[in-house]
Amino acid sequence: MSCCKGPGYASPLDAFKNGAREKLIYVVCVQPDLNQQDYLATVDVDPESSTYSQVIHRTYTGSVGDELHHSGWNVCSSCHDNPDLKRNLIILPGLHSCKVFAIDVGSNPRKPVLHKVIDGSEMRSVNCSFPHTAHCLASGDIMISTMGDKNENAKGDFVLIDAKTLKVTGTWTKGEKVAKFGYDFWYQPYHDVMISSEWGTPKFFKTGFNPDDVSNSERYGTSLNIYKWSTRELQQVIDLGADGCAPLEIRFLHDPKSSEGFVGCAVEANVYRFYKSSDGAWKAEKVIDIPAKIVQTNGVESKLNGLISDILLSLDDKYLYLSCWLHGDVRQYDISNPEQPKLTGRISLGGKIINDNLKVIEDKEFQEIPKPVIIKNKQLLGAPQMLQLSLDGKRLYVSSSLYSPWDKQIYPNMAEQGGWMIKLDVDIENGGLKLDPDFLIDFGSEPNGPVLPHEMRYPGGDCTSDIWVAKD
């Protein structure tokens, strides 16, 4: 009986077909002014509302220098069979402070309040730092991937938090092997597997993007780490090589019995498909290769890579979306055949060519030169970065901030004037993306000065925070 079900939806297709239209979006906002607090903004996305396309509430961390980044839930659709659990807390780790903020979104979804702060000392006490991805487990516990040890050297690990007491209980990994780097993760109990990805060494990347660090195997990762879910042991490492440098967002197909998925590799702008082979080992192959553009500034030619900063999959596993933060475009690929993604939609929303007035000398993909994008008399500075898709796949929300130290370095005008959030309308039948000219959240006019919007979440869960567990 539906009355007895727990949080989320019974399956990805249940969410896709029967999920309610989003009316609110929670947006992580980072303060470039380190004397001001980061916060979670509540944005009204209900077209019938009088406050549509506005920030209607801000939930502050109560501290400074946190560098909020990604977020998750106390429980999600993996706990759908437990009617005693409620998705009422959004879990917000701070990269720099190592604090974890639990925000109550259940009591009043339009006006969330800070419920509890887990001090960064708890995370450092288990020799972890730079917490990134938060996923709830079917047990009701919360697991957060981490990228550093307590001294911000590279270390890929996972911190466990008791969902009831909100106390750090230790690390998830067992055995002697520990991943060299950390970033994102996704688990698939049906195949007894969890796969994690890699960024780099926190104490280096936190100072900005240094191209010389990319080829240094002690500073940037290139591997996927394969864990046996039942024993928590690292069993296999797939080195993607230079073309797979900084494999970031990792997405299994949503079908909980699926044995394949995709990972976006930032530096060289490639997407790899990973899959379980007939012998039980996991393998990876490059399936999307976005070529660099040759650009010129002050008479000097250079190579401009795309920098894939986010990818996601629609809940029906038909489309893959990605953003290229340096090229400045958002793309839609049909992945009905996962081995051969087909580009079906693309839209330019800024990027280095526009922001820095670069001259394109060679573009192996497209002939047209991108033009500035203006919505409601505001030019979009910076570029598209984080993505969030509506449950039915028809609306794609896009925000502009990657990571404040990098924002300030790569797109200083955006960091000074504030980021933005826009909406793309999606053709889910034939493919295609169209900019909504009536939707803009301008984060340059916030009460305490311009802020940088990063990850986005719906109150009831979404296609990047919810993991489904197979029924048999």
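Only one of the numbered conditions (1) in contact with a helix residue (DSSP H, G or I) (Cβ under 9 Å, 6 or more places away or on another chain); (2) modelled with pLDDT of 95 or more; (3) buried (at least 24 other Cβ atoms within 10 Å of the Cβ); (4) not in a strand (DSSP E or B) is violated by TRP468, and that is (2). Before we move on, is PRO202 within 20 Å of GLN409 (Cβ to Cβ) and either touching a Lys or Arg at 6+ places or on another chain (Cβ under 9 Å) or open to solvent by less than 10 Å² (accessible area, probe 1.4 Å) (or both)? So PRO202 passes the test. Listed by position, the strands (runs of 3 or more DSSP E) inside region 230-345 whose residues that are under 17 Å from VAL398 (Cβ atoms) number at least 1 are 247-252, 260-265, 308-313, 319-324, 329-334.
The residue that is most open to solvent (accessible area, probe 1.4 Å), counting only those in region 166-177 that are farther than 24 Å from ASP119 by Cβ and either aromatic (Phe, Trp, Tyr) or touching a residue at least 24 places away in the same chain (Cβ under 8 Å) (or both), is LYS177.
Cβ-Cβ distances below 9 Å connect the following pairs, each with a first residue in region 125-139 that is closer than 12 Å to VAL168 by Cβ and assigned to a strand (DSSP E or B), a second residue that is among the charged types (D, E, K, R) and open to solvent by 40 Å² or more (accessible area, probe 1.4 Å), and a separation of six or more residues or different chains: PRO131/LYS99. With respect to the conditions (1) under 22 Å from the mean Cα position of the chain (by Cα); (2) aliphatic (A, V, I, L, M); (3) open to solvent by 10 Å² or more (accessible area, probe 1.4 Å), ILE195 lacks only one, and its number is (3). Among the residues making up region 285-329, those that are small (Gly, Ala, Ser) and either open to solvent by 40 Å² or more (accessible area, probe 1.4 Å) or under 30 Å from ASP466 (Cβ atoms) (or both) are GLY299, SER302, GLY306, SER309, SER314, SER323, GLY328. The residues on offer are LYS203, LYS177, and the sole one that is part of a loop (DSSP other than H, G, I, E, B), more than 17 Å from the chain's Cα centre (by Cα) and of a type in the set (Lys, Arg) is LYS177. Of the residues that make up region 157-172, is at least one of a type in the set (Gly, Ala, Ser) and farther than 30 Å from ASP255 by Cβ? Checked region 157-172: at least one residue is of a type in the set (Gly, Ala, Ser) and farther than 30 Å from ASP255 by Cβ.
For region 346-383, the set of residues classified as among the charged types (D, E, K, R), within 12 Å of CYS324 (Cβ to Cβ) and either open to solvent by 40 Å² or more (accessible area, probe 1.4 Å) or assigned to a strand (DSSP E or B) (or both) consists of ARG346, GLU365, listed by residue number.
Any residue in region 110-128 that is at negative phi, polar (S, T, N, Q) and touching a Ser or Thr at 6+ places or on another chain (Cβ under 9 Å)? No. Give me the residue from region 150-165 that is among the acidic types (Asp, Glu) and surrounded by fewer than 21 Cβ atoms within 10 Å (Cβ to Cβ) and, out of that set, farthest from TRP73 (Cα to Cα). Step by step, filter region 150-165, then rank; the result is GLU152. Here is the figure for region 423-465: residues that are part of a strand (DSSP E or B), aliphatic (A, V, I, L, M) and open to solvent by 10 Å² or more (accessible area, probe 1.4 Å) total 4.
Of the residues examined, GLY200 is one that is farther than 30 Å from ASN88 by Cβ, touching a Gly at 6+ places or on another chain (Cβ under 8 Å) and at pLDDT 95 or above. If you filter region 121-147 down to residues that are modelled with pLDDT of 95 or more, out of contact with any His (no Cβ under 9 Å at 6 or more places or on another chain) and not hydroxyl-bearing (Ser, Thr, Tyr), you find that the one that is most open to solvent (accessible area, probe 1.4 Å) is ARG124.
Within region 388-410, not a single residue is surrounded by fewer than 17 Cβ atoms within 10 Å (Cβ to Cβ) and of a type in the set (Asp, Glu). Among the numbered conditions (1) open to solvent by less than 60 Å² (accessible area, probe 1.4 Å); (2) in a loop (DSSP other than H, G, I, E, B), the only one that LYS111 does not meet is (1).
The values are calculated or read from the model by the stated rules, or taken from the named source; none is laboratory data. It should be emphasised that the depicted structure is a prediction, and the values quoted were computed from it without experimental measurement. FYI the Cβ positions are ideal-geometry reconstructions off the backbone, even for glycines, and counts take in every protein chain you see. With ligands, DNA and RNA removed, areas are computed over all heavy atoms of the protein, side chains included. Shrake-Rupley method; radii C 1.70, N 1.55, O 1.52, S 1.80 Å.
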